[in-house]
Amino acid sequence: MARRLKWRAIRIHRSYSVDEAARALGVAKGTVRRWIASGDLPVIDNCKPMLILGGDLSVYIRKRRSRKQKLRLDQCYCMKCRAPKRAAFSEAELITTKGRTAMVRMLCETCTTVMHKRVSWQQVPRLSALVSLSGTNRFKHLGETNQPCVNDHCKTEV
């Protein structure tokens, strides 16, 4: 998973060399050079070292951040389609976990790939109004069994 850039470390009224920009953002120099080579990040290249204007760098980082997509409660992000998708047949599976969140597992309506999403327990009633939920207990093996143990070999008669 890619790390988020520290965009607040960039001052818009300052110019940065490749090394300074990399240090300020916490990335490698090669990453900044790759941004420049792609043509998305403008530079002042008529002097040595190449300079990057802080305002341009800030705009570039904010543009990269805008790739994130907001999801509605009944949607998950499908990795195969690379888009937010609703559950196929409006069905989802609720997997209980310890803590304040639960896992929701759905199938993509387009390609039927399994998608996962974490939701808080407070959102589960709203989600159940949108899709039909079938619940499973993740910790079934820790519960009580229906059949008692019939191992009598421990009891010895005197």
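Here are a few things to note about the model shown:
- Applying the set (1) touching a Gly at 6+ places or on another chain (Cβ under 6 Å); (2) crowded, with 16+ Cβ neighbours inside 10 Å to Arg11 leaves exactly one unmet item: (2).
- Just one of the numbered conditions (1) in contact with a strand residue (DSSP E or B) (Cβ under 6 Å, 6 or more places away or on another chain); (2) within 21 Å of Ile12 (Cβ to Cβ) is not true of Val59: (1).
- Segments classed as strands (runs of 3 or more DSSP E), wholly inside the stretch 17-133, with at least 1 members that are surrounded by fewer than 12 Cβ atoms within 10 Å (Cβ to Cβ) and polar (S, T, N, Q): 114-120
- Yes/no for Asp19 being modelled with pLDDT under 90 and more than 30 Å from Leu127 (Cα to Cα): no
The values are calculated or read from the model by the stated rules, or taken from the named source; none is laboratory data. Just so it is clear, the model here is predicted, and its values are computed rather than measured. Ideal geometry is used to build each Cβ from the backbone, glycine not excepted, and the neighbour counts take in all protein chains shown.
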